[in-house]
Amino acid sequence: MLELLFLLLPIAAAYGWFMGRNSVRSEERREQKRFSKQYATGINLLLSDQPDKAVDLFVELLDVDSETIETHWTLGKLFRRRGEVERAIKIHKNLTSLPNLSESDRLTAMYELGKDYLAAGIYDRAEKMFQGLQSNKLFKERSQKHLLELYEATHEWDKAIIVALKLVKQNVSIKVILGQLYCEVADTADHSSVRVKYFNKALKQDPNCVRASLSLGRIYLEQGDYNQAIEYLTKVIDQDKAYVCETIPLLEQAYEAKRNSHGFIDFLHTCVEQEAGITAVIKLSEKMAESQSIEDAESFMANALEKHPTMRGFHHLMGLHIKAADVGSARDSLKRLQRMVHEHIVQRPNYKCYHCGFSGHTLYWQCPSCKSWSTTKPIFGLDGE
């Protein structure tokens, strides 16, 4: 609240100047008396621990002119940032209705009011404000960004794509968002042919769109087109190797359906060489245990964990040791330790947004916290991949 009062210091200065004038006409004296009374009321409200009412009163006292307009902007933004959106709306709405406001200030008031409505979740009014600014060069791109944010919030993906296609001309990084928007449209489609069409559009905009490759891999796997499934799923290691762990169960199905176990093992070796996560290491050790021996699998896992220790890797290595151990107290102790490690693993999150730090057990393509696209990935390190 102190920052609010600091912003209202111009009122106090104006009051001092107002009171200090020597030649005051009778009308001005009455205004001075009214101002003085209301100012004193505001001070009393502050002293009686009613700062909200005091701020409202001070805002009413603050006449809008070229010297105080910046204070109104700052107050409105401050209210919005504090979550007091109704007050921000009141300030900016009042500014838009003033007949003596300059055109530039009126457009700024519209823009700020649109942001207020967006923050309050009043999307129809926010949309109206931002659309009304599309003809102004100064506010066009900024308003389009907020319209994109709005359509994402309302899941109006077709409208979001139209806006994103305009923005991408000025900012190529929007291609990443555009790819995700096409994926959203694909996920809502009823027919696989339509889904394939939009996932391919996503890859055209963003060739590194892991979501599209994973989705196309799943579609072709369900259709029994294993070659196509493998083609798209193996692309992920080049697009972003952090997501390779998502492809391994799917690729195992595809290669097994083709009876091409060697192809799958070759891919796993590639993943291990490129340090694409512990999931590939564990799967390769399982294949070694099946085709070679438990001892070879143990040795491989131990060497891998020396380079990149992870709790999941230790859990799997314990499982191998348990299989190789004789029945007795040592084996029972290993089982008990493995259960403890498992309990730790299941409590830890699997995914993390590398933009804001949000974490959880679900892979979100748009972070639920910061709303960034493609920033939530499998966690790497001791508690992850």
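The values are calculated or read from the model by the stated rules, or taken from the named source; none is laboratory data. Just so it is clear, the model here is predicted, and its values are computed rather than measured. Counting neighbours? That spans all protein chains shown, and the Cβs are built from the backbone with ideal geometry, glycine included.
Key figures
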read-out: All positions within segment 201-216 that are touching a Lys or Arg at 6+ places or on another chain (Cβ under 9 Å) and among the charged types (D, E, K, R); value: 206
read-out: Only one of 317, 305, 337 that is touching a residue at least 12 places away in the same chain (Cβ under 8 Å), in a helix (DSSP H, G or I) and surrounded by 18 or more Cβ atoms within 10 Å (Cβ to Cβ); value: 317
read-out: Candidate set: segment 179-213, residues that are more than 19 Å from residue 239 (Cβ to Cβ) and in a loop (DSSP other than H, G, I, E, B); chosen: the one nearest to the chain's Cα centre (by Cα); value: 189
read-out: Some residue of segment 286-301 being farther than 22 Å from residue 262 by Cβ and in contact (Cβ under 8 Å) with a residue 40 or more places away in the chain; value: no
read-out: Verdict on residue 375 being β-branched (Val, Ile, Thr), crowded, with 18+ Cβ neighbours inside 10 Å, out of contact with any helix residue (DSSP H, G or I) (no Cβ under 6 Å at 6 or more places or on another chain) and at pLDDT 90 or above; value: yes
read-out: Tally, over segment 170-200, of residues that are without any contact (Cβ under 8 Å) to a residue 24 or more places away in the chain and surrounded by 20 or more Cβ atoms within 10 Å (Cβ to Cβ); value: 3
read-out: Selected residue (only one of 330, 289 is hydrophobic (A, V, I, L, M, F, W, C), surrounded by 15 or more Cβ atoms within 10 Å (Cβ to Cβ), assigned to a helix (DSSP H, G or I) and not assigned by TED's automatic domain parsing to the domain that holds residue 382); value: 289
read-out: Complete set of residues in segment 232-262 that are under 28 Å from residue 354 (Cα atoms) and among the charged types (D, E, K, R); value: 235, 238, 240, 241, 246
read-out: Residue that is nearest to residue 138 (Cα to Cα), among those in segment 82-127 that are outside any helix (DSSP H, G or I) and among the small types (Gly, Ala, Ser); value: 102
